[in-house]
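> The structure under discussion is supplied below as structure tokens; questions concerning it will follow.
The values are calculated or read from the model by the stated rules, or taken from the named source; none is laboratory data. Remember, it's a predicted structure, so these values are computed and weren't measured experimentally. Every residue, glycine among them, receives a Cβ derived from its backbone with ideal geometry; neighbour counts consider all protein chains shown.
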Amino acid sequence: MGLWDGRERMTQTRKITILGSTGSVGVSTLDLLAFAASRGEAEFEIEALTANRNVEKLVEQARKFRPKFVAVADESKLADLRAAVAGLDIEIGAGKAAIEDAASRDAGWVMAAIVGAAGLKPTLKAAKRGADIALANKECLVCAGDVVTAVIREAGGALLPVDSEHNAIFQVFDFERPNRISRLILTASGGPFRTWKKQEMASATPAQAVAHPNWSMGAKISVDSATMMNKGLELIEAAHLFPVGHEQIEILVHPQSVIHSMVEYVDGSVLAQLGTPDMRTPIASALAWPDRTPSPSAKLDFAKVAKLTFEAPDLERFPALRLAREAVEAGGVAPASLNAANEVAVAAFLNGNIKFLDIAAISEQVLESVSREGGPATLTTLEEAVDADRQARLIAEDCVVARAAA
Ligand SMILES: NC(=O)c1ccc[n+]([C@@H]2O[C@H](COP(=O)([O-])OP(=O)(O)OC[C@H]3O[C@@H](n4cnc5c(N)ncnc54)[C@H](OP(=O)(O)O)[C@@H]3O)[C@@H](O)[C@H]2O)c1
């Protein structure tokens, strides 16, 4: 059983769950579903919607889409949630276990759009019961890619990449002949600091870091785009999703974000997927796969785009790319540790506790520390991945304290 063994999927009413429905990808998913329903393209029922603590938005969505179950991860929000859904005939839950309950409920298509390693356990719950997983939450493959893909293979669902780059590759990758593929080319916008000097980046503010030139996204992934850690995490994600060696995956800066990624074949042919930078296109691809469904995203106007340009990435100004390459080469606990360190450092940066360049510096310190300690060569169990994540967070938090005090 592969990760994408196809069946006709859009033919009957489907039950859908969105983990992280109040975030940028979650909102785009609901927007696309409303669009598809309004055109009679898809019949669906929403089984569950989840958030961390944004009760207001979750309840606004619940009123419109009438899910059977809504949950918040933050238990302190339970009373607010209960009061807000009173009279709506919707079951509710709060806490990490409630998010896993949402994932466990009977929905055949689950959008995994929680940000960070917090998405790992709920995504695994949905995967274990054989649901098709539309995967936006790249961190869960970075933390525990071998575990997640093994569970999906065994349970028989499909793993449908939603990250625009991986969705692009998915659309042009010949899974019957992977040995005829020479390179995957992951494109990167370069983020808001693409043309900044390192000394300018040293004093970059959170507001500048989240101001992505092409995409509108949540705060964490926006900062990851600014450090280019996002592309590093995507390199690790791609190594789990596609049957190629990580050394065959290259990163190419393409500031217009029109070519979402490319696959090069041994005969020199390069196949690409193009589109406007709108997540509703890859989400539509994952929703309808293996069919197609219309999306409200703007269509490409090539004459207006006029020019597509490319640059090699600068590893000196964006060391996160080098760190991700080192982590995927090292394997074992390294990718999970890098991811955890980055999550802690990004949160500290957004809270104003550390400087922008500290994010990669802390990630590097943590990576060096865990590589000195060794650890298993591969992570084969969820417990190992969770443990690596926890250890790395502790080291990273110490690094944050040291840098904040410096
Ligand atoms: N945004 C994009 O265009 C894009 C593109 C490609 C891939 N991705 C990936 O998709 C994922 C989501 O990104 P996003 O930009 O949509 O993030 P986001 O806007 O920050 O939304 C994150 C969602 O996860 C929920 N959440 C946060 N922490 C949680 C926790 N501890 N437990 C349970 N739920 C939690 C949030 O709830 P609250 O609203 O209550 O905080 C929200 O619903 C990330 O892995 C990102 O890398 C995003």
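Conditions tested, residue by residue: (1) of a type outside the set (Ser, Thr, Tyr); (2) closer than 19 Å to residue 327 by Cβ.
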{"residue": "104", "(1), (2)": "no, no"}
{"residue": "111", "(1), (2)": "yes, no"}
{"residue": "120", "(1), (2)": "yes, yes"}
{"residue": "127", "(1), (2)": "yes, no"}
{"residue": "137", "(1), (2)": "yes, yes"}
{"residue": "151", "(1), (2)": "yes, no"}
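> Now for a different question. For segment 254-269, state whether one or more residues are more than 26 Å from residue 328 (Cα to Cα) and within 14 Å of the ligand (Cβ to nearest atom).
Taking every residue of segment 254-269 in turn, none turns out to be more than 26 Å from residue 328 (Cα to Cα) and within 14 Å of the ligand (Cβ to nearest atom).
> Just name the residue that is modelled with the lowest pLDDT out of those in segment 12-30 that are surrounded by fewer than 24 Cβ atoms within 10 Å (Cβ to Cβ) and closer than 17 Å to residue 132 by Cβ.
12
> Right, here's the next one. Here are the criteria: (1) outside any helix (DSSP H, G or I); (2) more than 10 Å from the ligand (Cβ to nearest atom). Tell me which single one residue 147 does not satisfy.
So the condition that residue 147 fails would be (1).
> Just name the residue that is surrounded by the fewest Cβ atoms within 10 Å (Cβ to Cβ) out of those in segment 107-143 that are of a type in the set (Val, Ile, Thr) and within 13 Å of the ligand (Cβ to nearest atom). Working first, answer last.
Step one: of segment 107-143, the residues of a type in the set (Val, Ile, Thr) are 110, 114-115, 123, 133, 142.
Remaining after also requiring within 13 Å of the ligand (Cβ to nearest atom): 114-115, 123, 133, 142.
Values: 114: 29, 115: 23, 123: 30, 133: 30, 142: 28.
If we take residues in segment 107-143 being of a type in the set (Val, Ile, Thr) and within 13 Å of the ligand (Cβ to nearest atom), then 115 is surrounded by the fewest Cβ atoms within 10 Å (Cβ to Cβ).
> Residues in segment 351-403 that are of a type in the set (Lys, Arg) and within 21 Å of residue 147 (Cβ to Cβ): how many?
Initial filter on segment 351-403 (of a type in the set (Lys, Arg)): 355, 372, 390, 393, 403.
Still in the running and within 21 Å of residue 147 (Cβ to Cβ): 390, 393.
Residues that pass the stated criteria total 2.
> Are any of the residues in segment 129-137 in a helix (DSSP H, G or I) and either touching a residue at least 24 places away in the same chain (Cβ under 8 Å) or more than 18 Å from residue 105 (Cβ to Cβ) (or both)? Spell out the reasoning first.
To start, the set of residues in segment 129-137 that are in a helix (DSSP H, G or I) comprises none.
The answer is no, given that none of the residues of segment 129-137 is in a helix (DSSP H, G or I) and either touching a residue at least 24 places away in the same chain (Cβ under 8 Å) or more than 18 Å from residue 105 (Cβ to Cβ) (or both).
> Okay, moving on. Could you grab me the full set of residues in segment 31-72 that are more than 23 Å from the chain's Cα centre (by Cα), surrounded by 13 or more Cβ atoms within 10 Å (Cβ to Cβ), within 16 Å of the ligand (Cβ to nearest atom) and under 22 Å from residue 106 (Cα atoms)?
59, 62, 65, 67, 69
> Could I ask something else about it? Considering only residues of segment 202-239 that are within 11 Å of the ligand (Cβ to nearest atom), in a loop (DSSP other than H, G, I, E, B) and among the aliphatic types (A, V, I, L, M), which is modelled with the lowest pLDDT?
217
> Looking at segment 90-106, can you tell me whether even one residue there is near the ligand (Cβ under 9 Å from one of its atoms), closer than 28 Å to residue 229 by Cβ and not in a helix (DSSP H, G or I)? Don't jump to the end; show me each part of the working.
Kept after step one, since they are near the ligand (Cβ under 9 Å from one of its atoms), are these residues of segment 90-106: 96, 99.
Going one step further and asking which of them are closer than 28 Å to residue 229 by Cβ, we end up with 96, 99.
Now restrict to residues that are not in a helix (DSSP H, G or I): none.
The answer is no, given that none of the residues of segment 90-106 is near the ligand (Cβ under 9 Å from one of its atoms), closer than 28 Å to residue 229 by Cβ and not in a helix (DSSP H, G or I).
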